[in-house]
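The values are calculated or read from the model by the stated rules, or taken from the named source; none is laboratory data. Please read all numbers here as calculations on a predicted model, not as lab measurements. Cβ placement follows ideal geometry from the backbone for every residue including glycine, while neighbour counts extend to all protein chains displayed.
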């Protein structure tokens, strides 16, 4: 689960009602990475007067702060990941583009055989799993 709100409070980031609702939408615990339009729609349910520009600006600030990561796959709309400080990989639906956090038991850093490292000192790895979500598979 994301701890975005706690991190932002710890940084002393000014949590206006608009910023707070955007952070709450991102920090909802579903581990689904939303597009900016999806964040706006959910934020507007809680705070009807919130503007699309405010949502976009807040997302941009969160990315600049390093508290949220932009995730883009296969040329689709950017999605926003509040788990910027927790190691994980992504599971992407090739049908609808939904992205979920996953934590495989193996490590992609240690799973790469020595003869496949070509002399590199590997410091990071990004693995993306792809498939169909239950809704797209039915």
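Only one of 66, 29 is at pLDDT 90 or above and at positive phi; which? Walk me through how you get there before you give the answer.
Details: 29 fails: at pLDDT 90 or above.
Every option except 66 fails the conditions.
Could you check region 60-74 and list, in sequence order, the residues that are in contact with a strand residue (DSSP E or B) (Cβ under 6 Å, 6 or more places away or on another chain) and in a helix (DSSP H, G or I)?
Here is the first cut: in region 60-74, the residues in contact with a strand residue (DSSP E or B) (Cβ under 6 Å, 6 or more places away or on another chain) are 63, 68-69, 71, 73.
Residue satisfying the conditions is 63 alone.
What about residue 30, is it within 12 Å of the chain's Cα centre (by Cα) and without any contact (Cβ under 8 Å) to a residue 12 or more places away in the chain?
Working: within 12 Å of the chain's Cα centre (by Cα): yes; without any contact (Cβ under 8 Å) to a residue 12 or more places away in the chain: yes.
In short, yes.
Residue under question is residue 22, and the condition is that it be out of contact with any helix residue (DSSP H, G or I) (no Cβ under 6 Å at 6 or more places or on another chain), more than 23 Å from residue 135 (Cβ to Cβ), not in a loop (DSSP other than H, G, I, E, B) and not assigned by TED's automatic domain parsing to the domain that holds residue 127; does it hold? It would help to see each step written out before you state the result.
On the way: out of contact with any helix residue (DSSP H, G or I) (no Cβ under 6 Å at 6 or more places or on another chain): no; more than 23 Å from residue 135 (Cβ to Cβ): yes; not in a loop (DSSP other than H, G, I, E, B): yes; not assigned by TED's automatic domain parsing to the domain that holds residue 127: yes.
The answer is no for residue 22.
Name the one entry in 15, 109, 91 that is in a helix (DSSP H, G or I) and free of Cβ contacts under 8 Å to residues at least 60 places away in the same chain. If you could, list the steps in order and put the result at the bottom.
Working: 15 fails: in a helix (DSSP H, G or I); 91 fails: in a helix (DSSP H, G or I).
Within the list 15, 109, 91, the selection yields 109.
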